[in-house]
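For reference, the structure discussed in these notes is given below.
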Amino acid sequence: AVPEGTGLTLRGRASQPLSRVDYLLLSSQVETTPGVETTDIENAAAVRSVECQGDEFEIPLDIVRSSQVIEVRLIDQFGLSAEQIPRYVISVREDAIPEVDARLQGIGLGITPNVMLPVVGTVRDDHGVQQVLAEIAINDSQPLQLPLDLHDTALQSTLDMQQLGEQGIVQLQPGDTLGMLVAAQDFYNLDQQPHVGRGQPLQLSVVTPDQLLVMLDRQELELRQRLELIVNELEQLQDVLENLQTESEAESDTAKRLAGLWAQQSVLQADKSQQELMSVAARVDNLQQQLINNRIDSYDRQERLQAKVLLPLRELLAKEYPALSNGLVALQAATLKAGGAREAATANRALVVVLQRLEEIKANMQDIEDFNEIVDLVRGLLDDQEKLLSE
């Protein structure tokens, strides 16, 4: 197959000198019956001819836009035509529309007027990308196109709304709605309609810094509650390990099967909790990035999230938690051999360390008492809004 827009020339050589070559271009969708010539090339109105000198010929096909079939009849110097009509199929691969996979990194549903919007993702095209644009619209305004940087296929660029506001390009105000999508155009120029691929549209609410802090506090409270659920599940796992220290050495077949089942469930529960902790760490990282990207001057909050929540979570997942996982795997293997008391004790000690670390992390996150302050702040914001609307 040749790419759409390729210029082609069909060249051939006959067994004897030629006077001309007649040819007919057909759609590749023409139905044919095996063993039957479907084209009367001598009577067809669309037959074209090229003069020949010697036994070689060239048929210019120009730029091909779609798959087609060419039938050729060779005429010798005496005006006699060949009995066979060779048929050549030209398969054309259509030009693909650029594929855009873009997202905002470290941004939630609410943004401040001075936000920085980090755009990341990938843009791919079969023949290269000419330009990548961010199409943004405020409320019901016409979309504004802003260029984005593309490195090979990697999309990594930042739209600084504060800088754009200072330049008079975009002015965001609390209460506005910002619509955004990423569009990519390739080098397709075979007709007036360009090939443009677009990513998933996004819609963001513009809020004040105080309003955004309230939103982030609520998200952190949800993460704390999720962490509490993980701790509760691991405490239940601790009860299972304590039972295995006494039950795994039992002689009865029922007790052995039960110990093996408990050990297997322990491994599955630990894997599940590990995935959930990784998700919590990613969301905490997102909270910190939102503070930075929205230019929230809350360095104490950033430091707390970074040093007392995010880093301890990552260290836990990199050091203490693998020891727990390895201990549970060893326990499962031991129960298959009618043992496991020693392995259960080792896994339990590793679990105690994990639970201690999680309690320390949880203590450094927003709790319900702090959330009451958030509620009071929200009420104050609503009162200010009502006064402003009245004025």
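The values are calculated or read from the model by the stated rules, or taken from the named source; none is laboratory data. Because the structure is a prediction, the values reported are computed rather than measured. We place every Cβ from the backbone using ideal geometry, glycine too, and count neighbours over all the protein chains shown. All accessible areas refer to the heavy atoms of the entire protein, side chains included, with ligands and DNA or RNA removed. Shrake-Rupley method; radii C 1.70, N 1.55, O 1.52, S 1.80 Å.
Given the structure, is T208 open to solvent by 30 Å² or more (accessible area, probe 1.4 Å), among the polar types (S, T, N, Q) and either within 25 Å of the chain's Cα centre (by Cα) or more than 17 Å from T112 (Cα to Cα) (or both)?
Values: open to solvent by 30 Å² or more (accessible area, probe 1.4 Å): yes; among the polar types (S, T, N, Q): yes; either within 25 Å of the chain's Cα centre (by Cα) or more than 17 Å from T112 (Cα to Cα) (or both): no.
It is false that T208 is open to solvent by 30 Å² or more (accessible area, probe 1.4 Å), among the polar types (S, T, N, Q) and either within 25 Å of the chain's Cα centre (by Cα) or more than 17 Å from T112 (Cα to Cα) (or both).
Quick one: how many residues across the stretch 321-339 are open to solvent by less than 50 Å² (accessible area, probe 1.4 Å) and assigned to a loop (DSSP other than H, G, I, E, B)?
2
Check the stretch 268-290 and report whether any residue there is of a type in the set (S, T, Y), within 34 Å of the chain's Cα centre (by Cα), assigned to a helix (DSSP H, G or I) and closer than 16 Å to E220 by Cα. Before the answer, list the steps.
Step one: list which residues in the stretch 268-290 are of a type in the set (S, T, Y), which gives 273, 279.
Remaining after also requiring within 34 Å of the chain's Cα centre (by Cα): 273, 279.
Narrowing the set further to residues that are assigned to a helix (DSSP H, G or I) leaves 273, 279.
Those left that are additionally closer than 16 Å to E220 by Cα: 279.
Looking through the stretch 268-290, at least one residue is of a type in the set (S, T, Y), within 34 Å of the chain's Cα centre (by Cα), assigned to a helix (DSSP H, G or I) and closer than 16 Å to E220 by Cα.
Which condition breaks for I136 when tested against (1) modelled with pLDDT of 95 or more; (2) loosely packed, with under 15 Cβ neighbours inside 10 Å?
Only one criterion in (1) modelled with pLDDT of 95 or more; (2) loosely packed, with under 15 Cβ neighbours inside 10 Å is unmet by I136, namely (2).
Would you confirm whether any residue within the stretch 109-130 is open to solvent by 20 Å² or more (accessible area, probe 1.4 Å), of a type in the set (G, A, S) and within 24 Å of I292 (Cα to Cα)?
Looking for residues that are open to solvent by 20 Å² or more (accessible area, probe 1.4 Å), of a type in the set (G, A, S) and within 24 Å of I292 (Cα to Cα), one finds none in the stretch 109-130, hence no.
Would you please list the contacts, defined by Cβ atoms under 6 Å and residues six or more apart or on different chains, that run from a residue in the stretch 78-96 that is assigned to a strand (DSSP E or B) to a residue that is of a type in the set (D, E) and surrounded by 16 or more Cβ atoms within 10 Å (Cβ to Cβ)?
As it stands, the answer is R87/E71; V92/E4, since those pairs meet every condition given.
Within the stretch 106-124, can one find any residue that is over 26 Å from S298 (Cβ atoms), in contact with a strand residue (DSSP E or B) (Cβ under 8 Å, 6 or more places away or on another chain) and in a loop (DSSP other than H, G, I, E, B)?
Of all residues in the stretch 106-124, those over 26 Å from S298 (Cβ atoms) come to 121-124.
Applying the additional criterion that residues be in contact with a strand residue (DSSP E or B) (Cβ under 8 Å, 6 or more places away or on another chain) yields 121-124.
Then drop every residue that is not in a loop (DSSP other than H, G, I, E, B), which leaves none.
No.
Restricting to the stretch 335-360, count the residues that are modelled with pLDDT under 90 and among the aliphatic types (A, V, I, L, M).
Residues in the stretch 335-360 being modelled with pLDDT under 90 and among the aliphatic types (A, V, I, L, M): 3 in total.
Quick check on the stretch 361-384: of everything there that is surrounded by fewer than 13 Cβ atoms within 10 Å (Cβ to Cβ) and modelled with pLDDT of 70 or more, which residue is nearest to R301 (Cα to Cα)? So that I can check it myself, show each step before the final result.
Within the stretch 361-384, the subset surrounded by fewer than 13 Cβ atoms within 10 Å (Cβ to Cβ) is 363, 368-369, 372-373, 375-376, 379-380, 382-384.
With modelled with pLDDT of 70 or more added as a condition, the list becomes 363, 382-384.
Details: A363: 14, L382: 24, D383: 26, D384: 25 Å.
Out of the qualifying residues, it is A363.
Before we move on, is L241 hydrophobic (A, V, I, L, M, F, W, C), over 21 Å from Q142 (Cα atoms), at pLDDT below 95 and open to solvent by 30 Å² or more (accessible area, probe 1.4 Å)? Talk me through it step by step, then tell me what you get.
On the way: hydrophobic (A, V, I, L, M, F, W, C): yes; over 21 Å from Q142 (Cα atoms): yes; at pLDDT below 95: yes; open to solvent by 30 Å² or more (accessible area, probe 1.4 Å): no.
Against the criterion (hydrophobic (A, V, I, L, M, F, W, C), over 21 Å from Q142 (Cα atoms), at pLDDT below 95 and open to solvent by 30 Å² or more (accessible area, probe 1.4 Å)), L241 does not qualify.
Go through L216, L178, L202, L190 for me and flag whichever is touching a residue at least 24 places away in the same chain (Cβ under 8 Å), closer than 27 Å to D101 by Cα and touching a helix residue (DSSP H, G or I) at 6+ places or on another chain (Cβ under 7 Å). Lay out the reasoning, then the answer.
Values: L178 fails: touching a helix residue (DSSP H, G or I) at 6+ places or on another chain (Cβ under 7 Å); L202 fails: touching a helix residue (DSSP H, G or I) at 6+ places or on another chain (Cβ under 7 Å); L190 fails: touching a helix residue (DSSP H, G or I) at 6+ places or on another chain (Cβ under 7 Å).
Of L216, L178, L202, L190, the one residue that is touching a residue at least 24 places away in the same chain (Cβ under 8 Å), closer than 27 Å to D101 by Cα and touching a helix residue (DSSP H, G or I) at 6+ places or on another chain (Cβ under 7 Å) is L216.
Condition (residue is open to solvent by 20 Å² or more (accessible area, probe 1.4 Å), in contact (Cβ under 8 Å) with a residue 60 or more places away in the chain and over 27 Å from A330 (Cβ atoms)) applied to the stretch 269-284: is it met by at least one residue? Give the derivation first.
Restricting attention to the stretch 269-284, the residues satisfying the condition of being open to solvent by 20 Å² or more (accessible area, probe 1.4 Å) are 269, 271-272, 274-276, 278-279, 282-283.
Within this subset, residues satisfying the condition of being in contact (Cβ under 8 Å) with a residue 60 or more places away in the chain are 283.
Narrowing further to those that are over 27 Å from A330 (Cβ atoms): 283.
Yes, because at least one residue in the stretch 269-284 is open to solvent by 20 Å² or more (accessible area, probe 1.4 Å), in contact (Cβ under 8 Å) with a residue 60 or more places away in the chain and over 27 Å from A330 (Cβ atoms).
Filter the stretch 177-189 for residues that are open to solvent by 20 Å² or more (accessible area, probe 1.4 Å) and over 14 Å from D126 (Cβ atoms); which is nearest to the chain's Cα centre (by Cα)?
So the first thing to find is which residues in the stretch 177-189 are open to solvent by 20 Å² or more (accessible area, probe 1.4 Å), and the list is 177, 179, 181, 185, 187-189.
Add one more test, that the residue is over 14 Å from D126 (Cβ atoms), and what stays is 177, 179, 181, 189.
Values: T177: 24, G179: 19, L181: 14, N189: 29 Å.
Ranking the candidates gives L181 first.
Where in the stretch 149-200 are there strands (runs of 3 or more DSSP E), lying wholly inside it, with at least 3 residues that are out of contact with any Cys (no Cβ under 7 Å at 6 or more places or on another chain) and farther than 20 Å from I292 by Cβ? Break it down into steps so the answer makes sense when it comes.
Values: elements: 154-160, 177-186, 196-198.
Per the criteria, 177-186, 196-198.
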